[in-house]
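Comments concern the structure below.
What follows is calculated from the coordinates using simple rules that are stated; it is not laboratory data. Values in this document were obtained by computation on a predicted structure and should not be read as measured data. Every residue, glycine as well, gets a Cβ built from its backbone with ideal geometry; the counts of neighbours run over all protein chains shown.
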Amino acid sequence: MVEKAKKSNWRLILTVITLIALGVVIIGLHKDILTTFEDLKRVNLFALSLLLPIEFINYHAQAKLYETTLGTLGKKLKYWFLFRFSLELNFISTIFPSGGISGFSYINLRLKSQGVTTAQATLIQLLKTVLLYSSFLLILIVGLLFLAISGRASSFLILIATSLITILVIISLGALFIISDKHRINSFFRYITRFLNRLIKVVRPKHSETINIQRVEEIFTELHESYLTFKDNKEALKMPLLWGLLANVAEVSAVYVVYVAFGHYVNPGAVIVAYAVASFAGVLSVLPGGVGVYETLMTLVLAAAGIPPSVSIPVTIMYRIVNTLIQIVPGYIFYQKALSPEPNATNG
């Protein structure tokens, strides 16, 4: 009974925190929301409605990415569970911005009931991140080609695109370099764990080891062993990479569709580079949904590509509001169901 009461309190606290964070997002965007409703009078609603099937394709691709990577580890999870899980994860990452840490935490918690270990869940999320970044490199290159053909590939845009490509490559290779060696991964995370324990000790002086170092070593030793499964079977990464590419294409297409809804057929290359910059910075933002940072960077990069703010600002606001609602509303519903006393009910 005591354990059930604790779980109920935990769910209640988490629900309250979620609602507060959601309120912050709405308050931060309230002016943009009002502007969006005004702009609806002058947009092609049919073109705007294409966001629904495009986002369905996006989450279908994400679900299949999870399905194929988990399958390689011998975990057969149902497609519909993974589809809903992808929406839940997007909701968590939007409402609780933390550079992706909230996403890693949630996937461990959510997949535990499906027989997926902490190490396997961590590896799957890490692989998803690397595959999405890797596949987006191809889209960035295509974007630069579009800009070059139209004569809009300025030195500034080339610098931005190449810098992003370099950062994404370094992050991806760095992560793989660490987990590819058992000694490296244990040393790296042992250092991180000790550092975090020192920070926590400032707040909780009586707890010298809040995070158990031995347990962390066990988890990341298993993470390395799971990684070897993919290393020995590189063919298993081909389909996940293609699904990641499809997810990225869907997201960029969603932005472009809003331009079409406003009657603007702009250079796709400009949209690709602007989306990449805004999304990357939005992940690092401490504000829910990257409010303010995303819109500002999109406008600046698009202006550098020859798209005036008078065109890009209404489109960016419309895209942000409509696309966010399409994703976080079902994400919130599925997230709340996941917090229900019977989490196994989400397996179907």
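Using 0.36 nm per residue, how much length does the chain from SER113 to TRP80 gain when fully extended, once their Cα-Cα distance is taken away?
Here the answer is 10.3 nm.
For LEU325 and ARG198 in one chain, what is 0.36 nm times their gap in residues minus the Cα-Cα distance, to one decimal in nm?
Result: 41.7 nm gained on full extension.
List the pairs from LYS78/LYS231; LYS182/LYS238; LYS75/LYS337; LYS64/LYS238 whose alpha-carbon separation is above 20 Å, in the order I gave them.
Going by Cα-Cα distance, LYS78/LYS231; LYS182/LYS238; LYS75/LYS337 fall outside the 20 Å limit.
Say R0 is 30 Å: what FRET efficiency, to the nearest 0.05, do TYR191 and GLU225 get from their beta-carbon distance?
The computed FRET efficiency comes out at 0.90.
What residues qualify as long-range amide H neighbours of PHE262, i.e. H under 5 Å apart, gap of 5 or more or another chain, H built at 1.01 Å from N?
Sorted by chain and number, the residues that satisfy this are ASN44.
Note the full-extension length gain between ILE171 and ARG42 as 0.36 nm times their separation in residues minus their Cα-Cα distance, in nm to one decimal.
So the chain would gain 42.2 nm between ILE171 and ARG42.
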